[in-house]
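Student: Sending over a structure as structure tokens; questions will come in a sec.
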Amino acid sequence: MRDSSLDEDRLFFVPADYAAFEEDRRRDELYNERRKIVRDKLIRLHALIYPEMRRREWEIYPHWRKEWLVSAWYVSPRMSSIPYLKLRYSKPENLVKRMEKLFLDDFGHFYAHAMMDVVISEKGLGVEMYVPAAAWVDGQNLRGKLTNALEAQAFREEFANILRRLDNRFRLQIEEYSEGQRVLVYARRARSVTNPAQIAAATAAYRPGAHDLRVIIWYLPDEPCLRKARIREEVLTCFGQLYPLYQFITWSPTNDYRRFAAR
């Protein structure tokens, strides 16, 4: 009889999963099959965590098109390199459609929005709150709240308190693409960006629409918390810490401070 406890003690992602994203393999069609296996594992992870996300009534959702639950996994003329895969959660479809009418832009893809995601790459497994450069509405909303909004002082204190409650391993990073390379503009341990001077420095460094902003924790591939029996709770714990930050940043008609960003 098979011992199910031994299976639960195995890692959810195995070394071959991470290896599919190494630099000499991310452009190789031969590794599409392994990346498909990784995609299927991320779909299984979604099935483990999403019922609990709904039970907690978090206002964050997978993409409304099921085939876009996970980012692109195979090399194609449109995607010549696959350095990672992401399981992503962001705004509901009705809010996205409203944004398209208000801002006259295409928001149908998740990279136009702040998101929470699980990312796997050659370096390990990450859990993050991510504001891509294309998510300029959310980026402007964050900048407006922290700089020139009438309640900016209270917002800065709220922002600092959210960061203080994060696990000590989370990093706050501001990044840009320059000549095809990702360049760090700003990087600190997230819990250290809490006093007025540090928040001001991070805000001054961040340019919505030009920079990516992420708050991320990375796990090494062999960490015990990534075993099959534990990964669900680990991801939910991280998402639970990041969700207040997502709520603080993400634009909605009731969380709209964009007009203060350019002052």
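Computed from the coordinates by the stated procedures, all read-outs in this text should not be read as laboratory data. For clarity, every value in this text was computed on a predicted model and none was experimentally measured. When we count neighbours, we look across all protein chains shown, and the Cβ atoms used for this are built from the backbone with ideal geometry, even at glycine.
Student: Please give me, ordered by residue number, the trypsin sites (Lys or Arg not before Pro) of segment 1-82 that lie in loop per DSSP and have at most 12 other Cβ atoms within 10 Å.
Tutor: For trypsin sites (Lys or Arg not before Pro) across segment 1-82 that sit outside H, G, I, E and B with at most 12 neighbouring Cβ atoms in 10 Å, the list reads ARG2, ARG10, ARG56, ARG65, ARG78.
Student: Now, a different point. Calculate the tail of P(r) for segment 26-170: the fraction of all Cα-Cα distances greater than 20 Å, expressed in %.
Tutor: 58
Student: I would also like to ask the following. Taking Cα pairs under 8 Å and at least six residues apart, what relative contact order does the chain come out at, in percent?
Tutor: 23
Student: Please list, or write none, the aspartates and glutamates whose alpha carbon is within less than 12 Å of the alpha carbon of LYS101, excluding same-chain residues fewer than 8 places away.
Tutor: none
Student: Take ASN168 and TYR111, extend 7 Å from each Cα along the Cα→Cβ direction, and tell me the distance between the two endpoints in nm.
Tutor: Modelled inter-label distance: 3.6 nm.
Student: Just to confirm my numbers, what's the Cα centroid distance between segment 185-214 and segment 126-144 in Å?
Tutor: 12
Student: Mind checking segment 111-174 for GluC sites (Glu not before Pro) that DSSP puts in a loop (not H, G, I, E or B) and that have at most 12 other Cβ atoms within 10 Å?
Tutor: Passing both the DSSP loop test and the Cβ count: GLU151.
Student: How long are the semi-axes of the equivalent ellipsoid of segment 12-77, defined as square roots of 5 times the Cα gyration tensor eigenvalues? Whole Å, largest first.
Tutor: 27, 14, 8
Student: Turning to a different aspect of this structure: At 37 °C and a viscosity of 0.692 mPa s, what translational diffusion coefficient does Stokes-Einstein give for segment 220-263, taking Rh as the Kirkwood radius over Cα pairs? Give it in µm²/s as a whole number.
Tutor: Working: Rh = 13.1 Å.
The calculation lands on 250 µm²/s.
Student: Starting from the Kirkwood Rh over alpha-carbon pairs, what translational D in µm² s⁻¹ does segment 126-181 have by Stokes-Einstein at 37 °C and 0.692 mPa s?
Tutor: The diffusion coefficient I find is 248 µm²/s.
Student: Return one number: the angle in degrees, 0 to 90 and rounded to the nearest 10, between the long axis of the Cα atoms of helix 93-103 and the longest principal axis of the Cα atoms of the chain.
Tutor: Once rounded, one gets 40 degrees.
Student: At 222 nm, what value in deg cm²/dmol follows for the chain if DSSP H runs of at least 4 each add -39500 (n - 2.57) and the sum is divided by all its residues, to the nearest 500?
Tutor: Mean residue ellipticity at 222 nm (helix-derived): -11500 deg cm²/dmol.
Student: Which values, in whole Å and largest first, are the semi-axes of the equivalent ellipsoid of the chain obtained as the square root of 5 times each eigenvalue of the Cα gyration tensor?
Tutor: That gives 31, 21, 19 Å for the three semi-axes.
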